[in-house]
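Report on the structure given below.
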Amino acid sequence: MQQVDITDAQTQITQLLQSALQGEEVIIARNNQPILKLVQISPVTKRRQRGSAKGQIWMAPDFDEPLKGQGDLLSARNGRASASSGSTSTL
């Protein structure tokens, strides 16, 4: 943060603006009392609009179907033996 007297700010305005554009906060004071603050305005982010990607995304009709061959892995993960292993389990 940089504080400058208003009389000095009048002669250094270009340098003060450059400092503010580089992200520095510049305080302009009169009789050692802050009266102005120069800061860079951050760009306004545009709100996302519902449906803005409509027609741009494609999903296969079977996207939520189990993958082939994954049934055995899921059964083993859940503590059940697969039917192809020949062992039986009780639930």
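The values are calculated or read from the model by the stated rules, or taken from the named source; none is laboratory data. Since the structure is predicted, the reported quantities are computational estimates derived from the model, not experimental observations. Reconstructed Cβ throughout: ideal geometry from the backbone, glycine too, with neighbour counts over all protein chains shown.
Test of understanding: among Lys46, Lys37, which residue is surrounded by fewer than 10 Cβ atoms within 10 Å (Cβ to Cβ), out of contact with any Pro (no Cβ under 7 Å at 6 or more places or on another chain) and without any contact (Cβ under 8 Å) to a residue 24 or more places away in the chain?
Lys46
Sort out for me the helices (runs of 4 or more DSSP H) sitting completely within the chain that have 3 or more residues that are at pLDDT below 85 and of a type in the set (A, V, I, L, M, F, W, C).
Correct list: 71-77.
Can you pull out the residues in the range 4-32 that are in contact with a helix residue (DSSP H, G or I) (Cβ under 8 Å, 6 or more places away or on another chain) and surrounded by fewer than 13 Cβ atoms within 10 Å (Cβ to Cβ)?
Listed by number, the list holds a single entry, Arg30.
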